[in-house]
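Down below is the structure, laid out as structure tokens.
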Amino acid sequence: MSLPPGFLDELRSRVSLAQVVGRKVMWDNKKSNQGKGDMWAPCPFHHEKTASFHVDDKQGFYYCFGCHAKGDAIGFVKETENVSFMEAIEILAREVGMPMPERDPQAQKKADKRTQLVEVNEMALRFFKMSLSQSVGAQARAYLDRREMKLATREKFEIGYAPNGNVLLAYLKDNGVSEEMAHAAGLAGKPDDGRSMYDFYRDRIMFPIRDARGRVISFGGRAMDPNARAKYLNGPQTDLFDKSNALYNQKNARAACGRGQTLIVAEGYMDVIALAEAGFEAAVAPLGTAVTATQLQLMWRMHSEPVIALDGDKAGLRAAYRVIDIAMPLLQAGSGLRFSVMPEGQDPDELIKARGPQAMQEQIDAALPMVALLWRRETEGKVFDSPERRAALDKVLRDTIRPIADPSIKAHYGDILKEMRWELFHPKRENNAPRQQGGGAWQPRKGGKRSGQGDKWSVAPAIPTEGLKSSLLVSGGDGFGDLMREAVVLATVLRNPALAVTFLSQLENLHPSTPEHGNILHAILTHCDAGDGLWQAVEDMVGRGPLDRLMAHPHVQIAPPVRKPDLETAEVCLVEELAKIKARRGYLREVNDGIVDLVEAGDENVTWRLGAAAEARNKATRAEAEDRTEFDIADNGAELKRDEREVFRNLLSRIGPDKQS
């Protein structure tokens, strides 16, 4: 079976050799540099203990310095899986979602045509470059001079000029190229009314578009006429060119990434050229369209974390926001995006000319992770002063990250968004300053907890302070009772997963008393929409041990919605238990604050009366709530069914004090 031209090139560009080889080897993490695609491991083809097997993921080749095995992804699969060349291609094509071509008896004829189209484009490129250097290109040269494009840069990027009229068609005809072939190459337009063909590009500065192999597959043209309908015009789709599957300057950028440069994604040709002139040679641009999924895959093959450098205007931000939704389902460990939004009113070309390459480097160094831009998109300029608005934000964030396929990445996104949400709704007060609300940009912090002890993206479980733990209001039976209620709440949700979303906001405000309960709650919140798979998702995240200890509590085992899951019973149980926890903790916080203030004031009498009032309030609240349930609360805070408690009391009375051991 013959393959169409370009199929193997596209397959190699989509496949990550490091991922293919990684299934067969253990990487030497000390020697490898994943960011640069420079990976080392013991050779899978011969027995050794040292890491002499080298994979260059950027170039797509492997080589063993011990046994001298070498090849690409196709050869590696062929050797390690013991399959034929075509079978190896089929395996890799399935992995990257490329359909195998049908058997085509005309394949050689098509291959010959594609070769001819490349030759026609190369011929057109020579004509455009020649036109720029002649008198007809004087205006175009003057424009490039005003843009401060050096002569060496023009030659490197092969800039040309397409004159007005049908000059290119005449030139191609003189060199034996028919109008139909020029049309097939995307160089000639064909009117629907049957009139003669015409030059597709007229009065435009021309930029050749090359594929990963360096072949000219199309052109882009910048209009010289300020009143032209399209300022930039890309070639039409042809057998050679699909603008959604190509990147401008792809070949040169890939080589620069191999030298350790960061891949920068700009909006247009001039931005890419200006970046390259300033030393940022690993720069590419999508071709007149929003970034596509295929283009993202091409970028990740060049660099693990490209920086999207967009113009500092509303259109640039909208383009960045679109990239977020396209990238979400494609995210993998080690393949992400960062965003650098240029100063307002500037693009990379203008920034470099105004402030120099160092300013651009500062922009790249300060690029935001995608999660920060996601937060900005959903919160900037918005006010969340009602439960309904906050719930709407929660839903939007959950819906946005739901397409992420990798469970680990999805969990980390949930962690960071949860912390940002906490900081938005519970801003820290400094010097007794009043709290303020509102959306805005969020900057990632670098290690610690919410309490201010360093910074960290993930939210640590809320644990009572040592002062609160040791206070008379918390120590003793009631503290144990809270712990038991937490366990009942967590177990009830796990056994009745349909209620996880219903009680999401109440669970977020639970603030568990122990790290283990905190970890279980965090896993529940992360996978609240998992349905019947909630238990397994939580177990995968926290392990089996914490769940076994949770379910082993006697009061958990006797809870009706845990013993026999039932949504109606579980809902009643959650409402009651969460209400008890919220009422007691909320009142204790207020009482504790009041006691501290009064003690500092030296009013011991008021302190005593306030403490007594708090105790009375706690007892009244507890009694009022428990009268509506089938449970009593023992002295140590544990729950007992009332009928079971009476049986227990009768049994104790028959045994007598002298018979107890």
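The values are calculated or read from the model by the stated rules, or taken from the named source; none is laboratory data. What you are looking at is a predicted structure, and each value in this text was computed from that prediction instead of being measured. Here Cβ is always computed from backbone atoms with ideal geometry, including for glycine, and neighbour counts include all displayed protein chains. These accessible areas exclude ligands, DNA and RNA; they are computed on the full protein's heavy atoms, side chains included. Shrake-Rupley method; radii C 1.70, N 1.55, O 1.52, S 1.80 Å.
For segment 304-321, give me each residue that is within 20 Å of residue 404 (Cα to Cα) and assigned to a loop (DSSP other than H, G, I, E, B). 304, 305, 306 - these are the residues of segment 304-321 that are within 20 Å of residue 404 (Cα to Cα) and assigned to a loop (DSSP other than H, G, I, E, B). Residue count for segment 391-409 under the criterion of being open to solvent by 30 Å² or more (accessible area, probe 1.4 Å), in a helix (DSSP H, G or I) and of a type outside the set (S, T, N, Q): the result is 7. I'd like to know if segment 254-267 contains one or more residues that are within 23 Å of residue 324 (Cβ to Cβ) and open to solvent by 10 Å² or more (accessible area, probe 1.4 Å). The answer is yes, given that some residue of segment 254-267 is within 23 Å of residue 324 (Cβ to Cβ) and open to solvent by 10 Å² or more (accessible area, probe 1.4 Å).
For the structure I just gave you, tell me whether residue 396 is in contact (Cβ under 8 Å) with a residue 40 or more places away in the chain and among the β-branched types (Val, Ile, Thr). So residue 396 does not fit the description; no. Regarding residue 22, is this residue within 28 Å of the chain's Cα centre (by Cα) and at pLDDT below 85? Taking the combined requirement at face value, the residue does not satisfy it.
Every listed requirement among (1) out of contact with any Lys or Arg (no Cβ under 8 Å at 6 or more places or on another chain); (2) under 27 Å from residue 37 (Cβ atoms) is met by residue 306 save one, (1). From the list 247, 275, the lone residue that is in contact with a helix residue (DSSP H, G or I) (Cβ under 7 Å, 6 or more places away or on another chain) and either surrounded by fewer than 18 Cβ atoms within 10 Å (Cβ to Cβ) or closer than 24 Å to residue 98 by Cβ (or both) is 247. In the set 175, 164, only one residue is closer than 13 Å to residue 126 by Cβ and either open to solvent by 20 Å² or more (accessible area, probe 1.4 Å) or modelled with pLDDT of 95 or more (or both); that residue is 175.
Pairs are defined by a Cβ separation below 6 Å, a sequence spacing of at least 6 or placement on different chains, a first member in segment 554-576 that is polar (S, T, N, Q), and a second member that is buried (at least 17 other Cβ atoms within 10 Å of the Cβ) and in a helix (DSSP H, G or I); the pairs so defined are 569/561. Checking each residue in segment 70-85 for being at positive phi and over 33 Å from the mean Cα position of the chain (by Cα) picks out only 82.
For segment 178-221, name all the residues that are open to solvent by 10 Å² or more (accessible area, probe 1.4 Å), of a type in the set (D, E, K, R) and at negative phi. Within segment 178-221, 179, 180, 190, 192, 193, 195, 202, 204, 210, 211, 213, 215 qualify. Hey, can you tell me all the residues within segment 127-158 that are in a loop (DSSP other than H, G, I, E, B), surrounded by 13 or more Cβ atoms within 10 Å (Cβ to Cβ) and without any contact (Cβ under 8 Å) to a residue 60 or more places away in the chain? Scanning segment 127-158 gives a single hit, 158.
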